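To start, the structure under review is shown below, and the notes come after it.
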Amino acid sequence: MYRIQGVCRRLVSPSLSLNWLRLQGSKASAEPFLSGSSSSYLEQMYESWQSDPNSVHKSWQAYFNNVTRGDLPGQAYQRAPPPDTGQYVPPASSAKDIQDHLNVQALIRAYQISGHRIADLDPLGMGDADLDPNIPFELLPEKIGFTSGDFQRTFQLPVTTVIGGREDNLTLEAILARLRSVYCTHIGLEYMHINDRSKCDWIRTKFEPPGITEMSVTDKKRLLARLIRATRFEEFLASKWTSEKRFGLEGCEVLIPALKTIIDHSSYAGVESFNIGMPHRGRLNVLANVARKPLEQLFLQFNPQLEPGDEGSGDVKYHLGSFIERTNNITHKPIKISLAANPSHLEAVDPIVQGKTRAQQFYQGDKEGKHSMSILLHGDAAFAGQGVVYETFHLSDLPDYTTHGTVHVIVNNQIGFTTDPRVARSSPYPTDVAKVVSAPIFHVNADDPEAVMHVCKVASEWRSTYGKDVVIDLVCYRRNGHNEGDNPMFTQPEMYQKIARHDPVLKQYAAKLITEGVVTEKEYAEELAKYDEICKEAYRQATSEEIKLHHAWIDSPWDGFFPEDGKIPTTVKSTGISDESLLHIGDVVSSSPEDFNLHPGQKRILKARKEMMKSREADWAMGEAFAFGSLLMEGTHVRLSGQDVERGTFSHRHHVFNDQKVYNRQYRQLNHLSDNQAKYTVCNSSLSEFAVLGFELGFSITNPNALILWEAQFGDFHNNAQCIIDQFICSGQDKWVRQSGLVLLLPHGYEGMGPEHSSARLERFLQLCKDDGDICPDISKDNFEISQLYDCNWMVVNCTTPANFFHVLRRQVILPFRKPLVVMSPKKLLRLPEAKSSFDDMLEGTSFKRLIPDNSDLGSSSVKRHIFCSGKIYYELVKQREANNMNNEVAITRIEQISPFPYDLVIEQLSRFPQADIVWVQEESKNMGAWLYVKDRLVTAAKEVFKGTTTPIKYVGRSPSVAVATGIKATHIQEEKAILEDSFKLQ
């Protein structure tokens, strides 16, 4: 029977009918299997079926049943059910119904996935936001089998859509109309990449139901008022300062009501603090109409007398940030808005804002991010092109970096400076990078303000509901060139001819509301005049007031940290701690819970620490633990971040123990010091430098009463974060009056490891120090050390002892102000027996040593050479001096704090050995390291000692080089040997 069944399926295809077979006498393919003609065989089966339906196979029973009923040939055949089920064989007509319903479901899904590709997003109507003019074939009903006759047929809607509202059935025509109204008009939705059905369903409920985007009359009037403020502000600036660059918002004025809507709805959800980061376009408008910074302070920035800056170097107005506390006019709740200062490096501010927000959440105990949030603004070209955007997104869900959702708003000019997007990105949209974290992306035509407001409302609700990132893509245009003085007609003539004829969004929307009867022309004119008068009055005040200080532009104020009288204390207490504290911390970091399964290597480490406790000595890891532990016990939060910092790249730290037998069980010793201690956060970061260093900088500027450290895996890895270093860390105070106590730990040292991981590029940090090497400061001041630190832009140290490292870390918190600290941290010294410190060097009364003199019992007349050095080469020089038996002839002075340069101590040491020649020894190449910095300063100090006489300073070190170090071990050893020999060749 099964053989016959197979033959029959070949004989009777869905395109044949029994009557046709009777008439034609088909030969078919039964001949290889059966004798006789197929037509006679079929007729015999048909006759047999007529006499007894059970005499033929069930597949033939169904076929003959359907043909007799009048079904067409293509509908007659039905697969038979299993013999023992007794399942009813549905009629052929219901099979087509089922297929058509499936096609309807596929059509709906196609619009949910690809509808955005044909949405009307470009206000200029020139092109396609996804750079593709083709209509996806899956959006065409005829491509999946529908004809014009199907458009009035009714279909049941699947559960994966709510386009029907309360209706469960719609005609195909109505289904298409509703799909196009949701997905293909002024809003383009990308969310089907989210691998979570509940989240996708949530988004559908916010966009698919009929009429869900409609606004009330009150909301429309508020939107119009906000558009008036955004537009007239730019027009006022343009009329008063026609030649000034301001990077105005013309073409995307809807950004202002968009941001205010995000803030309004987030405030309703409980958010109290908003940290905003943005590039320069529209910054002044955001300050004026979102942060509500007084207009007179903004207008003062256009005063040419401000150009030199009244404190530090200052910055241009469209880079400045600010902090405002005010009441939200809609929710009537108090809110704080911080707009971070940002240079022209566009997206560099992204991780800084995230770090600020994370810090606020941490210090407030806001574990779900319900009270503080980030809003990041982007340009389309930068969002697609800048790698830090990708790096920052990858921090968004990491346990120690998440801010529980950020609202990203892209001002999509559809052009980058002069570059067409078709040659500026490879992705369809500038937003595609956000898909790496499954962020929903809402594209919206910026000339439809009501659609924009709905998108902003939903984005706010998404963030408060799920604590995840969301992206709003405001597809707009840039009415002027890159700035107000730029001529865009050179490169985009067609676009700018169209822009010249295009009505601004305010004019369009006002006309719409007047037509709808929401406002009258008179009311509209009165609202325009009202804001114009506000601007004029602010201008009058600005021109009559005295020039104000930069402090109006601080974006991260530290209430109560600085003395009210503005005077900085001239003395600082000792950075040492009690013997009791040392012993307690040492005991904690030398032990672990009894039931914890340690790795054998970690057992040896704990044993070694216990031995050091007995001998009252500390290696580098112990010195660091003493600094961290003592600060924690004093109530100071310590956060250490970077790649592999939990263990330490060189396996020396081990601040996180992992149970070797119990999965995911960890023990962090420094969080078990006392019941009322501060929390110690040590966290391995993603494999990022740019974003992570920016994040830690943001964390550090939020609260001055914390020690925030970033450690590079190797010192030269900071290369990838150079923008953060140059634009924010070393210059932030001068440009934006923004202090930071951030610590950079950069492993440094030439140990034959090749050019990649030898140098932390000490010379770069010293080159960025703002002191003058030709001028000796007044060292007679009682407070010289503190005043030097206060005047510098950052501190650069190269410590040689754990005790000094301990003190310099504690000094970061004890100082009455904050300066960044750059540490050339060691590799070899981590385990060098000679590089240990006595507990006595960390006790109360002790402090950081900017310079460590040669404490040997040397006579001034016997010393023929005075070597100055810094870092680990000191220990190699000491060995070489002993090997040469020159202990009485050569003095070795270590400069631990290279900048600010310790003139007072250097002068003191130079005076000890006036007959000796002066040599600077370093392991780096001559065009690198500290030489180019210390040379002039040693000369200047020597002039003070030797009555104005210029004293030659000899250099000993590697020759100038392009590569940081040799990659050949033998060459490294030979170079090191030559340095040590030359150091002791007396003239």
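Filtering the range 404-447 to residues that are part of a loop (DSSP other than H, G, I, E, B), under 22 Å from residue 201 (Cα atoms) and of a type in the set (A, V, I, L, M) leaves only 439.
Being in a loop (DSSP other than H, G, I, E, B) and in contact with a Lys or Arg (Cβ under 9 Å, 6 or more places away or on another chain) is the filter here, so list the residues in the range 128-145 that pass it. The answer is 128, 129, 130, 131, 132, 134, 135, 136. Entry remark, the range 235-272: residues being outside any loop (DSSP other than H, G, I, E, B) and either touching a Ser or Thr at 6+ places or on another chain (Cβ under 6 Å) or among the polar types (S, T, N, Q) (or both) number 7 in total. Within the range 743-752, can one find any residue that is surrounded by fewer than 21 Cβ atoms within 10 Å (Cβ to Cβ) and under 30 Å from residue 872 (Cβ atoms)? Checking the range 743-752: at least one residue is surrounded by fewer than 21 Cβ atoms within 10 Å (Cβ to Cβ) and under 30 Å from residue 872 (Cβ atoms).
Taken over the range 146-181, residues that are among the small types (Gly, Ala, Ser), exposed (fewer than 13 other Cβ atoms within 10 Å of the Cβ) and assigned to a loop (DSSP other than H, G, I, E, B) amount to 0.
Scanning the range 633-653 for residues that are in contact with a helix residue (DSSP H, G or I) (Cβ under 6 Å, 6 or more places away or on another chain) and surrounded by 21 or more Cβ atoms within 10 Å (Cβ to Cβ), we see that the one that is farthest from residue 743 (Cα to Cα) is 653. Test of understanding: among 579, 595, which residue is touching a Leu at 6+ places or on another chain (Cβ under 7 Å) and charged (D, E, K, R)? After ruling out the rest, the residue left standing is 579. Tell me whether the range 955-964 contains one or more residues that are over 45 Å from the mean Cα position of the chain (by Cα), over 25 Å from residue 855 (Cβ atoms) and exposed (fewer than 13 other Cβ atoms within 10 Å of the Cβ). No, that holds for no residue. Just one of the listed residues (963, 978) is in a loop (DSSP other than H, G, I, E, B), of a type in the set (A, V, I, L, M, F, W, C) and not assigned by TED's automatic domain parsing to the domain that holds residue 804, and it is 963.
Residues that are among the charged types (D, E, K, R) and more than 23 Å from residue 474 (Cα to Cα) were ranked within the range 363-418; the one that is nearest to the chain's Cα centre (by Cα) is 397. Of all the criteria given as (1) touching a Lys or Arg at 6+ places or on another chain (Cβ under 9 Å); (2) outside any helix (DSSP H, G or I); (3) surrounded by fewer than 16 Cβ atoms within 10 Å (Cβ to Cβ), the one not satisfied by residue 401 is (3). Does residue 572 satisfy being surrounded by fewer than 21 Cβ atoms within 10 Å (Cβ to Cβ), touching a residue at least 24 places away in the same chain (Cβ under 8 Å) and not assigned by TED's automatic domain parsing to the domain that holds residue 707? For residue 572, the condition - surrounded by fewer than 21 Cβ atoms within 10 Å (Cβ to Cβ), touching a residue at least 24 places away in the same chain (Cβ under 8 Å) and not assigned by TED's automatic domain parsing to the domain that holds residue 707 - is met.
Residues in the range 923-954 that are touching a helix residue (DSSP H, G or I) at 6+ places or on another chain (Cβ under 6 Å) and part of a strand (DSSP E or B): 923, 953. Evaluation of residue 739 against the conditions (1) touching a residue at least 12 places away in the same chain (Cβ under 8 Å); (2) within 17 Å of residue 902 (Cα to Cα) shows that the sole unmet condition is (2). Sub-8 Å Cβ pairs linking a first residue in the range 277-300 that is without any contact (Cβ under 8 Å) to a residue 60 or more places away in the chain and surrounded by 24 or more Cβ atoms within 10 Å (Cβ to Cβ) to a second residue that is among the acidic types (Asp, Glu) and assigned to a helix (DSSP H, G or I), at least 6 apart or interchain, are 285/234, ordered by first then second residue.
Let me spell it out: the conditions are (1) at pLDDT 95 or above; (2) exposed (fewer than 15 other Cβ atoms within 10 Å of the Cβ); (3) not in a loop (DSSP other than H, G, I, E, B), and residue 970 meets all of them except one. Which number is the exception? Tallying (1) at pLDDT 95 or above; (2) exposed (fewer than 15 other Cβ atoms within 10 Å of the Cβ); (3) not in a loop (DSSP other than H, G, I, E, B), residue 970 fails exactly one: (1).
Scanning the range 165-187 for residues that are of a type outside the set (A, V, I, L, M, F, W, C), under 24 Å from residue 197 (Cβ atoms) and more than 40 Å from the chain's Cα centre (by Cα) yields 166, 167, 168, 169. So if I check each of 922, 915, which one is farther than 21 Å from residue 779 by Cα and over 44 Å from the mean Cα position of the chain (by Cα)? Only one candidate passes the filter, namely 915. Among the conditions (1) farther than 25 Å from residue 354 by Cβ; (2) assigned to a loop (DSSP other than H, G, I, E, B), the only one that residue 688 does not satisfy is (1).
Checking each residue in the range 879-904 for being more than 21 Å from residue 952 (Cβ to Cβ) and assigned to a helix (DSSP H, G or I) picks out 879, 880, 881, 882, 883, 904.
Take the conditions (1) among the basic types (Lys, Arg); (2) crowded, with 21+ Cβ neighbours inside 10 Å; (3) more than 23 Å from residue 628 (Cα to Cα); residue 661 misses just one of them, which is (2). Report yes if residue 714 is touching a Pro at 6+ places or on another chain (Cβ under 8 Å) and modelled with pLDDT under 95, otherwise no. Spelling it out, residue 714 is indeed touching a Pro at 6+ places or on another chain (Cβ under 8 Å) and modelled with pLDDT under 95. If you go through the range 577-600 and pick out every residue that is in a helix (DSSP H, G or I) and within 36 Å of the chain's Cα centre (by Cα), you end up with 2.
Residue count for the range 378-398 under the criterion of being assigned to a loop (DSSP other than H, G, I, E, B) and small (Gly, Ala, Ser): the result is 1. Is it the case that residue 410 is of a type in the set (Val, Ile, Thr) and surrounded by 24 or more Cβ atoms within 10 Å (Cβ to Cβ)? Considered against the rule, which asks whether it is of a type in the set (Val, Ile, Thr) and surrounded by 24 or more Cβ atoms within 10 Å (Cβ to Cβ), residue 410 comes out as yes.
The values are calculated or read from the model by the stated rules, or taken from the named source; none is laboratory data. Note that the structure is a prediction, hence the values are computed from the model and not measured. For neighbour counting, all protein chains shown are included, and Cβ atoms are generated from backbone atoms with ideal geometry for every residue, glycine included.
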